[in-house]
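Chemist: What follows is a structure written as C-alpha cells; I'll ask about it next.
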Amino acid sequence: MISILETCNFARLFICIKMIKRISFLIIYFSFTFLFAQQSQKEYPRDYFGSPLDIPLSYAGNFCELRGNHFHAGLDIKTDGKQGQNVYATADGYISCIRVSTYGYGKVIYIDHPNGYTTVYAHLQKFAPEIEKYVKENQYKAEKYEIELQPKPTDFVVKKGDLIALSGNTGGSAGPHVHYEIRDTHTQNAYNPFLFGYPCDDDISPLVFKVIAYPLEDTSAIEGKQTKKELYLAKEKTAYHTAKIYAQGKIGLGIQAIDKMTGTYNTYGIYKVTMSVNGSPKLSYTFDELVSGEDPYLNTFIDYPLFTKVGSRIQLLYKEPYNKLSIYSLAQDNGVIDIEEGFTYLIEIEVEDFNHNKATITIPIEGKKEAITERNLENKGIPLVANRDNMYKTDQASVFFPENTFFHDTFIEVQQKGDTLSVNAPIQPLQKQYNVVFNATKYTSEELPYVCIASVRGKKAKKYYQNTYRKGNILTSRVKTLGKFVLTTDKQAPTVKALNFSKAKNNIAKLDKLKVSVTDNFSGIGKYTATINGKWVLMEYEHKENLLFFTLADKYFTEEEEYLFELTVADKVGNQTTLSIPLVYKP
Ligand SMILES: [Zn+2]
C-alpha cells in the first residue's frame with residue numbers, strides 16, 4: 001500500500017482513490033456497526049427496580065403480546081386471583097401522575113425515578129391513604145370521578161418499597177392483577193420489564209399454530225393461486241416443517257405463535273423472530289422496546305383481514321412500506337421473498353422467548369411458473385388516493401376521510417340503501433378515524449333528540465351505538481372501521497336500582513357503601529351525578545359490574561340531621577333516570 005501512495009501516476013492515483021474510498025467506507029461501516037451494536041445492546045439496570053408486590057411474581061400477560069388494538073406495554077402480574085394486595089414503589093422517585101378512569105388503566109400511578117425511567121402501576125383498587133385523600137379532594141373540587149393529576153415532584157416522594165396502593169381490577173381489566181410498566185420518562189417508550197431482571201420462569205419453547213404464505217403482487221402465486229395459503233405444519237418436538245410448496249414472484253410469510261411459561265396455564269407473546277432464506281438472514285424483530293405512538297401499526301403487523309374474520313393473529317414476516325414499527329433489527333427487502341423459476345429456497349424461521357427457548361420452522365419452496373388460476377378480485381368500487389382528503393356523498397348521508405385515514409391507496413364504494421349507509425373497501429386496517437354524517441330530515445323535532453348513529457355488524461345485523469355529535473339535523477360519528485351504518489332512536493332511559501338501601505331500609509349507620517346498579521338497553525351509561533342534600537358526592541363507576549358506589553366514610557353523618565340522596569343517570573343519547581331516597585344515620 002505504501003508503494004502505491006509513493007508513486008502516484010494516473011492509474012495508481014485511481015487505485016489510490018478507490019482504496020481511500022474503500023477505507024472510508026469501512027470506517028463508516030464500522031462506526032455504523034458500532035453505533036448499531038451500541039443501540040441494540042443498550043444497558044438496562046438489572047438490580048435497580050424491585051418487585052411491586054410482596055408475593056412471588058407470576059404473570060398473566062407479558063410485554064408486547066398482541067392485544068385488541070395495541071401491543072401490551074408491560075407485565076400483567078397475578079395477585080392470587082384477588083384484589084387488595086399491597087402495591088409498592090419499585091424504586092426511589094416521586095409520583096408524577098395519578099389518573100382515575102372508568103376504562104383503560106382504571107386507577108393508575110406513575111412514578112418518575114432519578115435514573116430516567118418511569119414505572120406505571122395500573123388497575124388499582126385504591127391508593128395508599130395519603131394519596132387517596134389527595135385524589136378525593138381533587139375529585140370533590142372538580143366534581144368528577146374521572147380525573148388526571150400531576151402532583152409536584154415534592155408532593156409525593158417515595159422510597160423503594162413504600163406502599164403506594166392496593167391492587168384491583170379497575171378500568172379495562174378482565175380480572176384482578178397489577179399491570180406494570182417501565183418507560184423512558186422522556187420519550188414514554190415502554191421497555192420489556194424482563195430486561196431489568198424481573199424473574200421469568202420459562203423453560204418451555206414457543207408453540208407455532210399456523211404458517212401462511214402470501215402472494216404479494218399480481219404476478220405472484222402460491223401453488224398456482226393468487227390467494228394466501230395456509231401451509232400444513234408437521235411437528236417434531238420444537239422443530240416444525242411444511243411440505244415443499246411451489247411459488248412464483250414476490251411472496252411473504254406469516255406465523256401464528258405463542259409462548260408458554262413454566263407452571264402457569266396462561267399464554268404469552270413471543271419475544272423474537274428471525275427469518276433466513278438459504279442461510280442468510282432476511283428479517284428479524286425483537287420485543288425489547290415499544291416506541292410511544294406506534295400502536296396504530298399493530299394492525300399492519302398482523303394479517304388484519306384474517307383477524308377481523310376469525311380473531312386469530314398471524315404475525316407477518318414481511319413489512320408493508322407503511323408499517324413504521326421500530327421493532328425490526330433487520331428487514332432486507334422488507335422481508336419479501338422473490339421466488340424465481342427453477343430455483344429452490346429453504347426458509348428457516350426461528351421463534352424465541354425471552355429465555356432463548358426456541359421453536360424452528362422450515363419451509364422448502366420451489367420456483368415454478370404456472371398459469372395463475374385464482375385471482376384476487378377484491379378491488380370493487382372507485383380508486384381512493386390515501387394521502388389526501390376524500391369525501392363521498394349520497395342523498396341523506398356523507399362520508400369524510402381525512403388524509404391518510406387509509407395506510408395506502410385503495411378502492412372504495414359508498415352507497416345508501418334506505419336508511420343504511422354502506423362504506424365498503426377491501427378489508428384493511430385504518431390509520432385514523434373518519435366521519436360518517438347523516439342528515440336526519442325525516443325525523444320530527446320531537447324525535448330528533450333521540451336519534452343516533454349505529455353501526456350494523458355480524459350475521460344478525462346487530463346495531464351498536466356510535467358516539468353521535470349533533471348540530472340540528474346533522475348527526476356525525478367518528479369511526480375507525482368500515483361497514484354499515486344506520487340512523488336509529490334510543491328513547492329508553494337507564495335502569496337505576498339501589499342495591500343495599502331503600503326508602504323502607506334507609507338507615508345507613510351500618511353500611512360502608514351505598515351501592516346502585518345502573519344498566520342501559522342501548523347507548524350505554526353516559527353522565528351521572530349524585531348529591532346528598534344538594535351537594536355533589538363522589539360515586540365510583542365499576543362498569544364491568546354495572547355498579548355505582550358511594551363510600552360513606554367520605555362524608556360526616558350525624559344522628560340529628562336528615563339526608564336526601566339523589567342520583568341522576570343519563571345514557572349517551574341523553575335519556576335520564578333519577579333516584580331519590582331520604583337517608584338517616586341511627587347507630
Ligand atoms: Zn396489562
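Chemist: I'm checking my understanding of the structure. Among residues of the range 366-409 that are among the polar types (S, T, N, Q) and part of a strand (DSSP E or B), which one is farthest from Lys229 (Cα to Cα)? Quick ask: steps written out before the conclusion?
Modeler: At the first step, the residues of the range 366-409 found to be among the polar types (S, T, N, Q) are 373, 376, 379, 387, 390, 394, 396, 398, 404-405.
Imposing the further condition that a residue be part of a strand (DSSP E or B) reduces the set to 390, 398.
Working: Asn390: 34, Ser398: 37 Å.
Going through the qualifying residues, I end up with Ser398.
Chemist: Counting only residues that are of a type outside the set (Asp, Glu), in a loop (DSSP other than H, G, I, E, B) and free of Cβ contacts under 8 Å to residues at least 40 places away in the same chain, how many does the range 551-567 have?
Modeler: Taking the range 551-567 and keeping what is of a type outside the set (Asp, Glu), we get 551-553, 555-558, 563-565, 567.
With the extra rule that they be in a loop (DSSP other than H, G, I, E, B), the set shrinks to 555-558.
Next, from what is left, pick out any that are free of Cβ contacts under 8 Å to residues at least 40 places away in the same chain: 555-556, 558.
Count: 3.
Chemist: Restricting the first residue to the range 323-347 and requiring it to be not assigned by TED's automatic domain parsing to the domain that holds Asn278 and of a type in the set (Gly, Ala, Ser), which pairs with a second residue that is in a loop (DSSP other than H, G, I, E, B) and surrounded by fewer than 19 Cβ atoms within 10 Å (Cβ to Cβ) meet a Cβ separation below 8 Å and a spacing of at least six or different chains?
Modeler: Filtered contacts from the range 323-347: no entries.
Chemist: Would you pick out the residues in the range 554-586 that are over 17 Å from Phe501 (Cβ atoms) and among the aliphatic types (A, V, I, L, M)?
Modeler: Correct list: Ala570, Val573.
Chemist: Could you please let me know if Gly116 is in contact with a His (Cβ under 8 Å, 6 or more places away or on another chain), buried (at least 21 other Cβ atoms within 10 Å of the Cβ) and at positive phi? Give the derivation first.
Modeler: Details: in contact with a His (Cβ under 8 Å, 6 or more places away or on another chain): yes; buried (at least 21 other Cβ atoms within 10 Å of the Cβ): no; at positive phi: yes.
Answer is no for this residue.
Chemist: Let me ask another. Please pick out the residue among Lys484, Lys459 that is exposed (fewer than 14 other Cβ atoms within 10 Å of the Cβ) and either among the charged types (D, E, K, R) or in contact with a Phe, Trp or Tyr (Cβ under 7 Å, 6 or more places away or on another chain) (or both). First the steps, then the outcome.
Modeler: Details: Lys484 fails: exposed (fewer than 14 other Cβ atoms within 10 Å of the Cβ).
Exactly one of Lys484, Lys459 is exposed (fewer than 14 other Cβ atoms within 10 Å of the Cβ) and either among the charged types (D, E, K, R) or in contact with a Phe, Trp or Tyr (Cβ under 7 Å, 6 or more places away or on another chain) (or both), namely Lys459.
Chemist: Being in a loop (DSSP other than H, G, I, E, B) and modelled with pLDDT of 95 or more is the filter; apply it to the range 295-323 and report the residue that is nearest to Ala425 (Cα to Cα). If you could, list the steps in order and put the result at the bottom.
Modeler: Let us first name the residues in the range 295-323 that are in a loop (DSSP other than H, G, I, E, B), namely 303, 311-314, 317-323.
Cutting the leftovers down to modelled with pLDDT of 95 or more gives us 303, 313-314, 317-319, 323.
Working: Asp303: 16, Arg313: 21, Ile314: 21, Leu317: 24, Tyr318: 23, Lys319: 21, Asn323: 20 Å.
Checking each candidate, the answer is Asp303.
Chemist: Of the residues in the range 148-171, how many are among the β-branched types (Val, Ile, Thr) and over 25 Å from Lys82 (Cβ atoms)?
Modeler: Filtering the range 148-171 down to residues among the β-branched types (Val, Ile, Thr) leaves 154, 157-158, 164, 170.
Going one step further and asking which of them are over 25 Å from Lys82 (Cβ atoms), we end up with 154, 157.
Final tally of qualifying residues: 2.
Chemist: Anything in the range 133-159 that is free of Cβ contacts under 8 Å to residues at least 40 places away in the same chain and closer than 10 Å to Ile98 by Cβ? List them, or say none.
Modeler: Of all residues in the range 133-159, those free of Cβ contacts under 8 Å to residues at least 40 places away in the same chain come to 133-135, 137-138, 141-142, 144, 152.
If the condition is that a residue be free of Cβ contacts under 8 Å to residues at least 40 places away in the same chain and closer than 10 Å to Ile98 by Cβ, then Tyr134, Val135, Asn138 are the ones that fit.
Chemist: Can you give me the ranges of the strands (runs of 3 or more DSSP E) entirely in the range 436-510 with at least 3 residues that are farther than 30 Å from Ile532 by Cα?
Modeler: On the way: elements: 451-457, 462-466, 468-471, 474-479, 483-489, 495-498.
Filter on the range 436-510 gives 451-457, 462-466, 468-471, 474-479, 483-489.
Each row is one residue, and each column tells you yes or no for (1) without any contact (Cβ under 8 Å) to a residue 60 or more places away in the chain; (2) assigned by TED's automatic domain parsing to the domain that holds Val291; (3) within 11 Å of the ligand (Cβ to nearest atom); (4) surrounded by fewer than 19 Cβ atoms within 10 Å (Cβ to Cβ).
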{"position": "Ala73", "(1), (2), (3), (4)": "no, no, yes, no"}
{"position": "Asp76", "(1), (2), (3), (4)": "no, no, yes, no"}
{"position": "Asn86", "(1), (2), (3), (4)": "no, no, no, yes"}
{"position": "Asp92", "(1), (2), (3), (4)": "no, no, no, yes"}
{"position": "Ile95", "(1), (2), (3), (4)": "no, no, no, no"}
{"position": "Ile98", "(1), (2), (3), (4)": "yes, no, no, no"}
{"position": "Tyr103", "(1), (2), (3), (4)": "no, no, no, yes"}
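Chemist: Starting from residues that are small (Gly, Ala, Ser) and away from the ligand (no atom under 15 Å from the Cβ), keep the ones in the range 164-200 and report whichever is nearest to Ser96 (Cα to Cα). Give the steps one after another, and end with the answer.
Modeler: The first filter runs over the range 164-200 and keeps only residues small (Gly, Ala, Ser), leaving 165, 167-168, 171-175, 190, 197.
Still in the list and also away from the ligand (no atom under 15 Å from the Cβ): 165, 197.
Working: Ala165: 15, Gly197: 24 Å.
Looking at the filtered set, the residue picked out is Ala165.
Chemist: Taking the range 208-257 as the search range and keeping residues that are assigned to a loop (DSSP other than H, G, I, E, B) and of a type in the set (Lys, Arg), which one is surrounded by the most Cβ atoms within 10 Å (Cβ to Cβ)?
Modeler: Start the filter on the range 208-257 by keeping residues that are assigned to a loop (DSSP other than H, G, I, E, B), which leaves 216-220, 223-224, 226-228, 232, 237-238, 243-244.
Next cut, of a type in the set (Lys, Arg) only: 228, 237, 244.
Working: Lys228: 19, Lys237: 8, Lys244: 12.
Of everything passing the filter in the range 208-257, Lys228 is surrounded by the most Cβ atoms within 10 Å (Cβ to Cβ).
The values are calculated or read from the model by the stated rules, or taken from the named source; none is laboratory data. The structure displayed is predicted, hence computed values, not measured ones. No Cβ is skipped: glycine too gets one built from the backbone with ideal geometry, and neighbour counts run over all protein chains shown.
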